[in-house]
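Here's the structure we're looking at; comments come further down.
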Amino acid sequence: MAQEKNNAAVAASLVLLERAAEKHINSIFSKLALSEEPEVHRRVKAVLLFLSA
């Protein structure tokens with residue numbers, strides 16, 4: 001995600017099915033309490049939260 005990859009590219013990098021990667025990514029968003037808000041890009045916010053830790 002930090003490399004600006006979409007779900008398909010993340011799945012290919014990790015040798016997973018795209019659906020499995022999507023579930024893991026959504027789990028990350030959930031654990032970081034990142035809801036779907038139109039003005040917030042969740043992938044960017046997730047990376048920023050990770051880097052700030």
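Out of the stretch 29-53, which residues are of a type outside the set (Phe, Trp, Tyr), part of a helix (DSSP H, G or I) and surrounded by 16 or more Cβ atoms within 10 Å (Cβ to Cβ)?
Step one: filter the stretch 29-53 for residues of a type outside the set (Phe, Trp, Tyr), giving 30-49, 51-53.
Those left that are additionally part of a helix (DSSP H, G or I): 30-31, 42-49, 51-52.
Correct list: 42, 43, 46.
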Original post:
What pairs can you find where one residue is in the stretch 4-30 and touching a residue at least 12 places away in the same chain (Cβ under 8 Å), the other is surrounded by 15 or more Cβ atoms within 10 Å (Cβ to Cβ) and not in a helix (DSSP H, G or I), and their Cβ atoms are less than 9 Å apart, with a gap of 6+ or different chains?
Top reply: 10/1; 10/16; 25/1; 28/1; 28/34
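Any chance you could count how many residues in the stretch 12-23 are surrounded by 15 or more Cβ atoms within 10 Å (Cβ to Cβ) and within 10 Å of the chain's Cα centre (by Cα)? Break it down into steps so the answer makes sense when it comes.
Quick first cut of the stretch 12-23, residues surrounded by 15 or more Cβ atoms within 10 Å (Cβ to Cβ) only: 16, 21-22.
If we keep only those that are within 10 Å of the chain's Cα centre (by Cα) too, we end up with 21-22.
Number satisfying all stated conditions: 2.
Sort out which residues of the stretch 35-53 are among the acidic types (Asp, Glu) and touching a Phe, Trp or Tyr at 6+ places or on another chain (Cβ under 9 Å), and write them in order of number. Walk me through it before giving the result.
Of the stretch 35-53, the ones among the acidic types (Asp, Glu) are 36-37, 39.
Passing the criteria: only 36.
Coordinate-derived values only; no laboratory data. Worth saying up front: this structure is predicted, and the values here are computed from it rather than measured. Counting neighbours? That spans all protein chains shown, and the Cβs are built from the backbone with ideal geometry, glycine included.
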